[in-house]
Amino acid sequence: DRDAHVVIDFLSEELDALSRRYHRMVAEYHALDPADSGDQQRRRRMARELKDLVDLLDVKGEQISVLADLHPKPGSPRNPAPTGSPRTPKKDGCIERAYRSAKALQQALGDLY
């Protein structure tokens, strides 16, 4: 179990780094002028990159959730989901905000393609 927690910590660090990258890219995306044709091309390229990043954030979050469910930390309560219902992964703080923001942006960017 100790090794699993090391992996969970590593994945959490990766998720934090991806979250920071996402926020930097969103700020850069919003700073571009949609009326400028050069900026418009950059916005489209960044939109694709942001979609990929959102997908990666989602995968990392799922990896952490699955491992944490399989290897709970000692002393932490286990709350199994009722039979037949999926368990919603619990996220916290800036990761949760980044995830919600990323999903909202992904939906908004979907209209471009």
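Worth a mention:
- Residue tally, condition open to solvent by 80 Å² or more (accessible area, probe 1.4 Å) and either at pLDDT below 95 or among the acidic types (Asp, Glu) (or both), over the stretch 17-30: 1
- Filtered residues of the stretch 42-76 (kept if more than 15 Å from residue 25 (Cα to Cα), small (Gly, Ala, Ser) and surrounded by 15 or more Cβ atoms within 10 Å (Cβ to Cβ)): 61, 65, 68
- Subset of the stretch 31-41 [surrounded by 13 or more Cβ atoms within 10 Å (Cβ to Cβ) and part of a loop (DSSP other than H, G, I, E, B)]: 32
- Filter result (touching a residue at least 40 places away in the same chain (Cβ under 8 Å) and among the acidic types (Asp, Glu)) within the stretch 1-43: 1, 14, 16
The values are calculated or read from the model by the stated rules, or taken from the named source; none is laboratory data. In this text, all values refer to a predicted model and were calculated from it rather than measured experimentally. Here Cβ is always computed from backbone atoms with ideal geometry, including for glycine, and neighbour counts include all displayed protein chains. With ligands, DNA and RNA removed, areas are computed over all heavy atoms of the protein, side chains included. Shrake-Rupley method; radii C 1.70, N 1.55, O 1.52, S 1.80 Å.
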